[in-house]
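Quick note: the coordinates plus some simple rules give every number you see, no bench work behind them. Not measured: the values here are computed from a predicted model. Here the Cβ positions follow ideal geometry from the backbone for every residue, glycine too, while neighbour counts run over all protein chains shown.
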Amino acid sequence: MGELFGEVNKYTGEWTEGIVSELVKRSVLAVEGKDAHHKRWINFDGPVDALWIENMNTVLDDSKMLCLNNGQRIKMPEICTMMFEVNDLKVASPATVSRCGMVYLEPVHLGWEVLVRTWTEEMENIIIEPYLSTVSKILLEMLKKMLSVLETQITKEKIQTQKCNLVRSCLNFMTIFLNKERINLDNRDKIRDPEKTVLTYLAFSVIWSLGANVHDEQRTLFGEYFRGQMQTKMPDFPNGDVFEFGINS
């Protein structure tokens with residue numbers, strides 16, 4: 001609770017700001033700045049817990065007042081809106097639910113392709129061309145086929161997952177590996193075959209995102225399907241257990 005809303009040290013009496021209180025204060029200060037007309041969103045992404053969400057009731061009221069443990073009362077500006085992205089409302093009280101507008105989105109309708117397209121736009125100044133366009137096109141094709149396999153053929157997971165979460169993990173890997181600050185794909189002295197390098201990192205990313213949660217009993221089956229897909233793009237993709245592969249940097 002202290003990390004969210006701030007707390008007073010019981011020994012020194014010193015006040016430490018919380019994440020929520022700090023974000024709200026920044027929004028208030030922004031009203032006085034040059035970007036005062038810009039809309040601001042505070043996004044809570046995670047499960048609703050009755051312990052902390054009840055502390056938000058005064059903020060969600062029409063008064064939009066955040067009350068802190070040190071006695072401070074901060075009124076949120078009109079340009080600031082709070083949004084909660086939750087999986088369910090099992091522990092949310094009627095008081096909390098009645099204060100929020102609800103938008104229900106089923107994962108099957110939302111789709112995962114938009115994540116790849118958005119990621120491609122965000123990476124325009126981070127991953128150099130033409131490799132960004134190449135990897136984006138191959139990713140869309142590869143993910144579509146492998147996600148279909150996970151849905152129909154390889155159904156045993158260690159924990160339940162959603163397609164969007166698996167795709168997001170894959171994109172995070174790709175961002176780390178192909179960031180131009182980390183690797184210079186145009187440096188022919190160090191990278192003789194940049195296209196193969198890109199495909200190698202793509203393969204590693206897919207294995208340890210889509211395949212990381214596959215049950216041990218079906219990892220071999222996942223490897224067979226994935227190898228078949230990779231060998232159409234990279235004929236010399238090796239045989240063997242794909243979960244034992246590594247990358248020599």
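A few notes on this one:
- DSSP H segments from the chain that extend 18 Å or more along their own axis, Cα-based, with Kyte-Doolittle mean of 0.0 or above: 131-152, 163-178, 194-207
- Taking each residue as 0.36 nm, the span from residue 45 to residue 144 lengthens on full extension beyond its C-alpha to C-alpha distance by 33.0 nm.
- Estimated purely from DSSP H runs of n ≥ 4, each contributing -39500 (n - 2.57), the mean residue ellipticity at 222 nm for the chain is -13000 deg cm²/dmol once divided by its residues.
- Only lysine pairs 8 or more places apart, or on different chains, with alpha-carbon atoms under 26 angstrom apart are counted in the range 98-249, and they number 22.
- Summed residue charge, Cβ within 10 Å of residue 242's Cβ, Lys/Arg positive, Asp/Glu negative: -1
- If you wrap the tightest convex hull around every Cα atom of the range 114-179 and split its volume per residue, you get 81 Å³.
- Amide H partners (placed H, <5 Å) of residue 66, local residues excluded: 74, 75, 76
- Translational diffusion of the range 174-249, µm² s⁻¹ [Kirkwood Rh, Cα pairs; Stokes-Einstein; 10 °C; 1.306 mPa s]: 118 µm²/s
- For the peptides 94-101, 8-15, 228-235, 53-60, residues were scored by their other Cβ atoms within 10 Å and the scores averaged per peptide; the highest-first order is 53-60, 228-235, 94-101, 8-15.
- Between the C-alpha center of the range 118-138 and that of the range 38-111 there is a gap of 34 Å.
- Gyration tensor (alpha-carbon) shape descriptor, the range 2-104, a/c threshold 1.5: oblate
- Residues in the range 81-93 carry Karplus couplings, in order, of 10, 9, 10, 10, 9, 10, 7, 7, 10, 4, 10, 7, 7 Hz; the curve used is 6.51 cos²θ - 1.76 cosθ + 1.60 with θ = phi - 60°, and Gly or Pro positions show x.
- Across every pair of non-identical alpha carbons in the chain, the mean reciprocal distance, once inverted, gives a Kirkwood radius of 21.8 Å.
- The Cα trace of the range 108-244 gives Rg and Dmax of 14.9, 46 Å, the first to one decimal, the second as a whole number.
- Rounded to 5, the percent of DSSP beta bridges in the chain classed as antiparallel: 50 percent
- Extension gain from residue 85 to residue 152, taking 0.36 nm per residue of separation minus the Cα-Cα distance: 21.3 nm
- A Förster distance of 35 Å, applied to the separation of the beta-carbon atoms of residue 12 and residue 37, puts the FRET efficiency at 0.30.
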